[in-house]
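Inspection log for the structure reproduced underneath, given as structure tokens.
Laboratory data are not the source of any read-out in this text; all were calculated from the coordinates shown. A quick note: this is a predicted structure, and the numbers were derived from the prediction, not measured. Cβ sites come from the backbone with ideal geometry, for glycine too, and all protein chains shown count toward neighbours.
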Amino acid sequence: MTGPTHSAPGLSIRPDGVRQITRTLPEEVPVAITCNGSTQAVMMASPVDLADFARGFAWTEGYVTDLAQIESLEILAQGAGIEARLWLSDDRAEAIAARRRAMMGPVGCGLCGIDSLDQALRPLPQVVGSARISGAEAAAAADALRAHQPLHDQTHAMHAAGFLIPGQGIVLAREDVGRHNALDKLVGALLSDGIDPATGAVVLTSRVSVEMVQKTVIAGAAILIAVSAPTAHALRLAEAAHLTLAAFARGQSVEVYAHPNRIITGVADVA
């Protein structure tokens, strides 16, 4: 099975001259997620933590609502890529049909393959997590996540999603070339480890798109912190779902755009 990185030769061209270099690059391979023998998605992903990816994807896409509904999970190397093969309980067949994906999508788009606009902008529940974090902890969250990105340190080309528990810092993180893949891996790891997403905050190294909000809310986390900006519609979804959305978490500053009541600032809470 393909490893997570690959060393490649190159030339460094600078004003002071040209020299040969070796650069560590991230691998990305087609990963097919199949449920009960039917392909639901083929995503370009990093070939690590794929069991977490499969579990998290099945959860955030609504295929399962309990890990017990996954009767078996295999990661199989195929000629053209890797298959994450899930067998789900019979009662999940309707959910699979409702959220069927069958087209390959690039790493930057998690919505490719959805065959209706209604599916792309599916209604979200309102999150009820009671976790609260300090403004200083929210501002430092992205920097704290950097200590949990070994593949990014090697390649400078990987996204990460981490889980922050107030007072404990980043307790779990996953990496991938795709930001939404990293988040699915994180959700799968949280579920496998028995960590309730409502007890902390999801931290992202990327911008906040519609799907990142959808996946965070479906996972059950009530706080989402990112190093970059949200899209306008992602913010609308966060507001409607009562998700605390913070962005531009860098150094000692952070900006909060939705439901700031879960961020402790030392001043009167804002509704």
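Just rank 87, 59, fewest to most, by other beta-carbon atoms within 10 angstrom.
87, 59
GNM, the chain, Cα, under 10 Å: largest mean-square fluctuation among 78, 168, 20?
It is 20.
From the square roots a ≥ b ≥ c of the eigenvalues of the alpha-carbon gyration tensor of the range 133-264, which class results: rounded (a/c under 1.5), prolate (a/b over b/c), or oblate? Walk me through the numbers on the way to the answer.
Values: a/c = 1.28, a/b = 1.23, b/c = 1.04.
Taking the square roots of the gyration eigenvalues as a ≥ b ≥ c, the range 133-264 is rounded.
Can you find, among 248, 172, 135, the residue farthest towards the positive end of the dipole of the chain? Put +1 on the C-beta of Lys and Arg, -1 on that of Asp and Glu.
Comparing the listed Cα positions along the dipole, 248 ranks first.
Under 1.5 on a/c is rounded, so check that first for the chain, then, if it is not, pick prolate when a/b is larger than b/c and oblate when it is not; a ≥ b ≥ c are the square roots of the alpha carbon gyration tensor eigenvalues.
It comes out oblate by the Cα gyration axes.
Would you work out which of 63, 148, 40 lies farthest towards the positive end of the dipole of the chain? Charges go on Cβ: Lys and Arg +1, Asp and Glu -1.
Sorting the options by dipole projection puts first 148.
What is the range 133-264's relative contact order, in percent, from Cα pairs under 8 angstrom and six or more apart in sequence?
Details: 284 pairs, mean separation 32.8, N = 132.
Answer for the range 133-264 is 25 percent.
Listing 185, 215 from the residue with the fewest other Cβ atoms within 10 Å to the one with the most, what is the order?
215, 185
Is there a quick way to get the dipole size of the range 133-264? I mean about its Cα centre, with the Cβ of Lys and Arg at +1 and of Asp and Glu at -1; what is the value in debye to the nearest 20?
200
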